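Some notes on the structure that comes next.
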Amino acid sequence: MPASSKADIPRLFATRIVRLFCYGFLSVVLALYLAEVGLGEKQIGLLFTLTLAGDAGISLWLTTSADRFGRRRTLLLGALLMIGAGAVFILTRNPFLLMVAAIIGVISPSGNEIGPFLSVEQAGLAQLIPDQHRTYTFAWYNLSGSFATAAGALAGGWLSQFMQGSGIPALESYRVVLVGYALGGAVLVTLFLGLSAAIEVPTGMLQNAEKRTLGLHRSRNVVFRLSALFSLDAFAGGLVVQSMIAYWFHVRFGVEAGIIGSIFFGANLLAGMSALLAGRLAKKIGLINTMVFTHVPSNLLLMLVPLMPTLPLAILVLLLRFSISQMDVPTRQSYTMAVVEPDERSAASGVTSIARSVGAAISPSLTGIFLSVPALLSAPFFLAGGLKIIYDLLLYRSFRRLPPPS
């Protein structure tokens, strides 16, 4: 492998770290910021829904064209959208303009991946590494992202709390976090410019490609079936995005931003370590079994969080949930890359990711409604956990007999 190609792998890890740090940095204070500028719970939920819906549309267009348009160009465009969204959120309090920026730009209310980045980076990594190392590489890739999200959540929460303790208004402290988010997008632009042509699909493969649907050919049926199931899982996950859980802790227990940031710092550290263990477990029991057998108990723990009578117990159960919650992520990503052709990887990852975004787009607005009714404050946890268990059972039934070729 040429030296320039070898440099692409750590560079892709670096972009993941920078991006997820920014997502975590913003997620802890995003709902609090929107409340400060005058939006109610229902409006915040609607804005998050529009954010995810806009991401679905933009990312579908970018990722299904990335193998032909150019993977590096696609990543650069995503970084510019991230800068633009952050700038609009900094400069205006107008709900309409905020919603437009949420639809067109890249803003992560959950602290998790959003935009075209994940799909294109995974396709590039799958091309740079041998098949037998793919799941482990994706596990480390997810681990680095989880640690970055954790560090970002810790930094964003405590920075805003420290500034408020120094006499700075809450709104201004949250705006500083938004400035950091936009600057992170500028760092991504610099890193993406350094990627080599090794992450691109070979020209000859594209010229000989069969008729495509959303960038897919031979693997379209499998990808569409996976997408339907991933959409259900994401709809459930959208009910409990990190920003909404942070708001729930604030309303239920009166927790301040710094403590919330610390909670999610620990949660994301545990989530990252759980992703790393996924590679070892998948080697023993298979990718599908790893996805399902770790996801079910994770969702049972999610449903227990609102049943805890005290803050320490609620935090403990949430941390236990995160300690096994991400073991399905690298295995899901590796499985998707394994069952499609190399020149379909960006599109396959994109279509499945978009399906997740579409599934997640509706649910935050429902959570906003639940949070505005005191009697329904904990409903998102129960509904999310139950739907995720249904997803697990359907996934196992549909794909346990379809092992990846590698």
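The values are calculated or read from the model by the stated rules, or taken from the named source; none is laboratory data. What you are looking at is a predicted structure, and each value in this text was computed from that prediction instead of being measured. All Cβ positions, glycine included, derive from the backbone under ideal geometry; neighbour counts span all protein chains shown. What goes into the accessible areas is simple: the full protein's heavy atoms, side chains included, and nothing from ligands, DNA or RNA. Shrake-Rupley method; radii C 1.70, N 1.55, O 1.52, S 1.80 Å.
Only one of the numbered conditions (1) in a helix (DSSP H, G or I); (2) open to solvent by 70 Å² or more (accessible area, probe 1.4 Å) is violated by Pro309, and that is (1). If the condition is being within 16 Å of the chain's Cα centre (by Cα), small (Gly, Ala, Ser) and farther than 18 Å from Phe147 by Cβ, then the stretch 109-130 contributes Gly115, Ser119.
Does the stretch 7-24 include one or more residues that are open to solvent by less than 50 Å² (accessible area, probe 1.4 Å) and modelled with pLDDT under 85? No, that holds for no residue. Filter the stretch 326-355 for residues that are over 17 Å from the mean Cα position of the chain (by Cα) and of a type in the set (Val, Ile, Thr); which is surrounded by the most Cβ atoms within 10 Å (Cβ to Cβ)? Filtering the stretch 326-355 for residues that are over 17 Å from the mean Cα position of the chain (by Cα) and of a type in the set (Val, Ile, Thr), the one surrounded by the most Cβ atoms within 10 Å (Cβ to Cβ) comes out as Val340. Taking each residue of the stretch 111-138 that is within 28 Å of Ser243 (Cβ to Cβ) and at pLDDT 80 or above and looking for partners that are basic (Lys, Arg) and assigned to a helix (DSSP H, G or I) with beta-carbon atoms closer than 7 Å, six or more apart or interchain, yields Phe117/Arg19; Val120/Arg71; Glu121/Arg16.
Does Ser144 fit the bill of being in a helix (DSSP H, G or I) and surrounded by 24 or more Cβ atoms within 10 Å (Cβ to Cβ)? Talk me through it step by step, then tell me what you get.
Values: in a helix (DSSP H, G or I): yes; surrounded by 24 or more Cβ atoms within 10 Å (Cβ to Cβ): no.
Answer is no for this residue.
Of all residues in the stretch 356-382, those satisfying the criterion of being in a loop (DSSP other than H, G, I, E, B) and either under 13 Å from the mean Cα position of the chain (by Cα) or of a type outside the set (Val, Ile, Thr) (or both) are Leu377, Ser378. Looking at Ser166, is it of a type in the set (Ser, Thr, Tyr), in contact (Cβ under 8 Å) with a residue 40 or more places away in the chain and either open to solvent by 20 Å² or more (accessible area, probe 1.4 Å) or on the phi < 0 side of the Ramachandran plot (or both)? Taking the combined requirement at face value, the residue does not satisfy it.
If you go through the stretch 242-258, how many residues are open to solvent by 10 Å² or more (accessible area, probe 1.4 Å) and part of a loop (DSSP other than H, G, I, E, B)? Going through the stretch 242-258 one residue at a time, the tally reaches 2. Checking Leu301, Leu316, Leu376 one by one, the residue that is of a type in the set (A, V, I, L, M, F, W, C), touching a residue at least 12 places away in the same chain (Cβ under 8 Å) and surrounded by fewer than 24 Cβ atoms within 10 Å (Cβ to Cβ) is Leu301 and no other.
Looking at Val340, Val329, which is the one that is of a type outside the set (Gly, Ala, Ser), at negative phi, touching a strand residue (DSSP E or B) at 6+ places or on another chain (Cβ under 9 Å) and touching a residue at least 24 places away in the same chain (Cβ under 8 Å)? Talk me through it step by step, then tell me what you get.
Working: Val329 fails: touching a strand residue (DSSP E or B) at 6+ places or on another chain (Cβ under 9 Å).
Among Val340, Val329, only Val340 is of a type outside the set (Gly, Ala, Ser), at negative phi, touching a strand residue (DSSP E or B) at 6+ places or on another chain (Cβ under 9 Å) and touching a residue at least 24 places away in the same chain (Cβ under 8 Å).
Inspect the stretch 57-65 for any residue being surrounded by fewer than 19 Cβ atoms within 10 Å (Cβ to Cβ) and on the phi > 0 side of the Ramachandran plot and give the result as yes or no. No, the stretch 57-65 contains no residue that is surrounded by fewer than 19 Cβ atoms within 10 Å (Cβ to Cβ) and on the phi > 0 side of the Ramachandran plot. Residue pairs whose Cβ atoms lie under 9 Å apart, sitting 6 or more positions apart in sequence or on different chains, and linking a residue in the stretch 72-95 that is more than 22 Å from Leu118 (Cα to Cα) to a partner that is of a type in the set (Lys, Arg) and in a helix (DSSP H, G or I), are Phe89/Arg175; Ile90/Arg175. Within the stretch 279-298, residues that are within 16 Å of Tyr136 (Cα to Cα) sit with their Cβ atoms under 8 Å from residues that are open to solvent by less than 40 Å² (accessible area, probe 1.4 Å) and not in a helix (DSSP H, G or I), at 6+ positions apart or across chains, in these pairs: Leu281/Met327; Leu287/Pro404; Thr290/Met327; Met291/Met327. Only one residue in Val120, Val106 is buried (at least 24 other Cβ atoms within 10 Å of the Cβ), closer than 25 Å to Ala85 by Cα and in contact with a Lys or Arg (Cβ under 7 Å, 6 or more places away or on another chain). Which one? The unique qualifying residue is Val120.
Please verify whether Phe264 is surrounded by 18 or more Cβ atoms within 10 Å (Cβ to Cβ) and in contact with a Ser or Thr (Cβ under 7 Å, 6 or more places away or on another chain), treating the condition exactly as stated. Give the derivation first.
Numbers: surrounded by 18 or more Cβ atoms within 10 Å (Cβ to Cβ): yes; in contact with a Ser or Thr (Cβ under 7 Å, 6 or more places away or on another chain): no.
Criteria not met by Phe264.
Being out of contact with any Leu (no Cβ under 9 Å at 6 or more places or on another chain) and open to solvent by less than 10 Å² (accessible area, probe 1.4 Å) holds for only one residue in Leu277, Leu216, and it is Leu216.
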